[in-house]
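To start, the structure itself, in structure tokens.
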Amino acid sequence: MMKHRKYGDINVEEFTWHEVRNDVKTANPILANLIDRFEPSNKYTFLKVRYLFGDRILNQGLTHLPLKSGGTVPLMHSKVPEVLREKLGHRMVPMGLLLSKSIEVFYETDERVMPSKLFGAGSLIGLWEAFDPPPTEFLRSIWNLSAGARSICMLPSISETGSHAKLRRDFGVTAYPPKTLLNHSNVFVELCRGAAECNNWFCDVLFFTDKWLENPKDNLGFLQLHHYWLQEAWKQSINGRNQMSYDVAWEVFSREVTRRNWKPRAHVINIIKHLLSIGEGIFPGFIPATDETAAPIKFLQDCYINSYQLKDYAPIIIVPHHLRELTTPVYYSLSLPTQLEHAPKAKNSPTIIGDIRELKMLMNVLINSMSDSHHHYDFFHCEEDQFGEIQHVSDMPITDPRLMMYPAEYGERRFPDNSAFLRGCIKISKIKENLIMPFMQNYA
């Protein structure tokens, strides 16, 4: 038996391979098979860490561990035993396997959140950090990982002061009514913090201790395991490796725009580039949540139906998602900019309907300049377009029934067609398989 299996108030337990083998096999059978071939001794241990919805696994580049008493602390905090720091502290992000739910990798400022990746159960994290040299302090500090979705919002408005006061009364919420889509997440996390109903929503991460980063000589099983880790790290590097291809393709588009003597505004160009990346599955778009993978969806819907007393509208919650399947389109909203390259709109910029008309025109030019497009883009707005170029958002649930999927117990409700998220909304659909991206199956 191991001497150090639990670590005081830190919500971490240590296990050997034989003790976690079934969990790993359920989440990632390929990985379990490779570890079996390696036949690790009991010196090769794992640390199982349980995060609640909204917990920061990585906060501004610092690994955080949860406390049994609530909240999280940085790995180097005085509450974390030295022996635990020694087992995990040699990398910015310890290498780990996600056993349940999902996590979001994102960058955020006071004004925007930019989701980079969604990982589901069976995915490995910390691979780059395991094989790359340590990044500079500046690069360390920009990234965050959350348990569940950070980029999450309710489709209908939830900013009414009187109704929000009922959440304060019933759940002890201290956050102000969210005035923007960006602020919905803060309220959702608070709602879940004090609710016993959310105790069954957790994200378990199985961290490999630093012993796993040693390289035992002449062990074929470990070499095969190491090769698998490198393969997975290579797949996750698709963002950077595809950048040059995008730049070349963009040159063709730029020549066509110049030939027509058009002068697109910088923020529109950045959105187009981001739409292409969403189409390729590199960055996530958004979908209506239909399960509990990204958050305790049913609990949050109950809060807004029964406590907030949301009137009329369906309590549809939007979560980030990578485009993978032909039958599952994703969405991008001009009201929730998530692209990394962000140019502020000029003071004399047109309205959202003007922006989305320009986007549609330029996207048509771009797609026509491609020899073989795998994606289709539909453009929506919550106001009628006098020129008939942009579809009205009331058409959206007709072609995508997920946008009106909610528990029958809430009764008959309306599609929230006045939602801020729908003010300039683009639907991105895959119309044929792209054989370049077959490995995205582990993304949430």
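Checking each residue in the stretch 288-307 for being among the β-branched types (Val, Ile, Thr) and surrounded by fewer than 18 Cβ atoms within 10 Å (Cβ to Cβ) picks out only 290. Between 63, 26, 72, 16, which is surrounded by fewer than 19 Cβ atoms within 10 Å (Cβ to Cβ), of a type in the set (Val, Ile, Thr) and within 21 Å of residue 103 (Cα to Cα)? The match here is 26. Counting only strands (runs of 3 or more DSSP E) that sit completely within the stretch 83-122, those holding 3 or more residues that are within 18 Å of residue 61 (Cα to Cα) correspond to 102-108, 113-120.
Just one of the listed residues (122, 126, 89) is surrounded by fewer than 22 Cβ atoms within 10 Å (Cβ to Cβ) and at positive phi, and it is 122.
When each of 305, 282 is tested for being touching a helix residue (DSSP H, G or I) at 6+ places or on another chain (Cβ under 6 Å), modelled with pLDDT of 85 or more and in a loop (DSSP other than H, G, I, E, B), the lone residue that passes is 282.
Within the stretch 104-130, residues that are within 23 Å of residue 323 (Cβ to Cβ) reach partners that are of a type in the set (A, V, I, L, M) and assigned to a loop (DSSP other than H, G, I, E, B) with beta carbons closer than 6 Å, at six or more positions or on different chains, in the pairs 104/149; 107/142; 114/340; 118/444; 120/444. Tell me, yes or no, whether the stretch 1-22 has at least one residue that is under 22 Å from the mean Cα position of the chain (by Cα) and either free of Cβ contacts under 8 Å to residues at least 40 places away in the same chain or in a helix (DSSP H, G or I) (or both). No - not one qualifying residue is present in the stretch 1-22. Taken together, the residues in the stretch 178-225 that are over 30 Å from residue 424 (Cα atoms) and assigned to a loop (DSSP other than H, G, I, E, B) amount to 12. Assessment of the stretch 408-431 against the conditions (in the same structural domain as residue 273 (by TED's automatic domain parsing) and modelled with pLDDT under 85) yields at least one matching residue.
Per this entry, residue 312 is counted among residues that are surrounded by fewer than 22 Cβ atoms within 10 Å (Cβ to Cβ) and modelled with pLDDT under 95. Restrict the check to the stretch 229-241 and report whether at least one residue is in contact with a strand residue (DSSP E or B) (Cβ under 6 Å, 6 or more places away or on another chain) and either surrounded by 15 or more Cβ atoms within 10 Å (Cβ to Cβ) or at pLDDT below 95 (or both). Yes, some residue in the stretch 229-241 is in contact with a strand residue (DSSP E or B) (Cβ under 6 Å, 6 or more places away or on another chain) and either surrounded by 15 or more Cβ atoms within 10 Å (Cβ to Cβ) or at pLDDT below 95 (or both).
Among the hydroxyl-bearing types (Ser, Thr, Tyr) and more than 23 Å from the chain's Cα centre (by Cα): which single residue out of 63, 45 fits that description?
45
Could you say whether any residue in the stretch 32-44 is buried (at least 21 other Cβ atoms within 10 Å of the Cβ), in a helix (DSSP H, G or I) and modelled with pLDDT of 95 or more? Yes; the residues of the stretch 32-44 include at least one that is buried (at least 21 other Cβ atoms within 10 Å of the Cβ), in a helix (DSSP H, G or I) and modelled with pLDDT of 95 or more. Within the stretch 348-381, the residues that satisfy the criterion of being within 19 Å of residue 418 (Cα to Cα) and either β-branched (Val, Ile, Thr) or at pLDDT below 90 (or both) are 351, 352, 353, 354, 355, 356.
Mind checking whether some residue in the stretch 200-217 is buried (at least 16 other Cβ atoms within 10 Å of the Cβ), more than 21 Å from residue 145 (Cβ to Cβ) and at pLDDT below 90? No, that holds for no residue. Pairing each residue of the stretch 253-274 that is under 14 Å from residue 361 (Cα atoms) with any residue that is crowded, with 17+ Cβ neighbours inside 10 Å and among the hydroxyl-bearing types (Ser, Thr, Tyr), provided the two are 6+ apart or on different chains, yields C-beta distances under 9 Å for 271/332.
The values are calculated or read from the model by the stated rules, or taken from the named source; none is laboratory data. Quantities reported herein were computed from a predicted structural model and do not represent experimental measurements. Neighbour counts are summed over all protein chains in view; Cβ atoms, including those assigned to glycine, are modelled from backbone coordinates with ideal geometry.
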